[in-house]
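Novice: Please see the structure below; I have some questions.
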Amino acid sequence: MNKIDAIVVHCSATRAGQDIGKKEITQMHLQRGFTTIGYNFVIRLDGTVEVGRSLTIDGAHCNSRGFSGVSYNKHSIGICYVGGLDAHGKATDTRTPEQKKALRELIAKLIKQYPDIKELIGHRDTSPDLDGDGIVEPEEWTKMCPCFDAKEEYKDLLP
């Protein structure tokens, strides 16, 4: 992978309480034609962090292009928390307290490990800015993922 300068947070778009992990997400991604899991890390309901796709190869978690015009897959770490849908299938922040703690700790660790990281966003934030005002508003999101405002929640972790 090129120089890592961003983190993109995702959800698995599974219902609250559905405990899956790297193994199941890998199977889902293989069925979609991927060569392996697309995310670099998966955070299970109990806060366990599972290592997914190696950081030595490009990700397969976000084809959108950043400000540089290059796909996020080529320069970002993809972290997926398990969940994102309520019992009725509606997009909502379903993170458990353990997931919230693990996600914050993982992000802080990665930012220390990769000092070039200057951007931390949710997958939804990579949607196109349809009205050209420089802000991707909720009505412009192509998906809700990760079902919370990752930019705002973790802004204190960035240098």
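Novice: Taking interchain pairs and intrachain pairs at least six residues apart, which have beta carbon atoms under 9 angstrom, with the first residue in the range 112-135 and at negative phi and assigned to a loop (DSSP other than H, G, I, E, B) and the second of a type in the set (Phe, Trp, Tyr) and at pLDDT below 90?
Specialist: SER127/TRP141
Novice: Looking at this structure, is LYS74 in contact with an Asp or Glu (Cβ under 7 Å, 6 or more places away or on another chain) and surrounded by fewer than 21 Cβ atoms within 10 Å (Cβ to Cβ)?
Specialist: Yes.
Novice: Going through the range 125-159 one residue at a time, which ones are of a type in the set (Asp, Glu), at pLDDT below 75 and within 25 Å of LYS3 (Cβ to Cβ)?
Specialist: Within the range 125-159, just ASP129 meets the criteria.
Novice: Scan GLY33, GLY47 and give me the residue that is without any contact (Cβ under 8 Å) to a residue 40 or more places away in the chain, surrounded by fewer than 23 Cβ atoms within 10 Å (Cβ to Cβ) and not hydroxyl-bearing (Ser, Thr, Tyr).
Specialist: GLY33
Novice: Moving on. Going by the structure shown, is GLY122 under 12 Å from the mean Cα position of the chain (by Cα), surrounded by 11 or more Cβ atoms within 10 Å (Cβ to Cβ) and at pLDDT 95 or above?
Specialist: Answer is no for this residue.
The values are calculated or read from the model by the stated rules, or taken from the named source; none is laboratory data. Keep in mind the model is a prediction, meaning the values are calculated, not measured. Every residue, glycine as well, gets a Cβ built from its backbone with ideal geometry; the counts of neighbours run over all protein chains shown.
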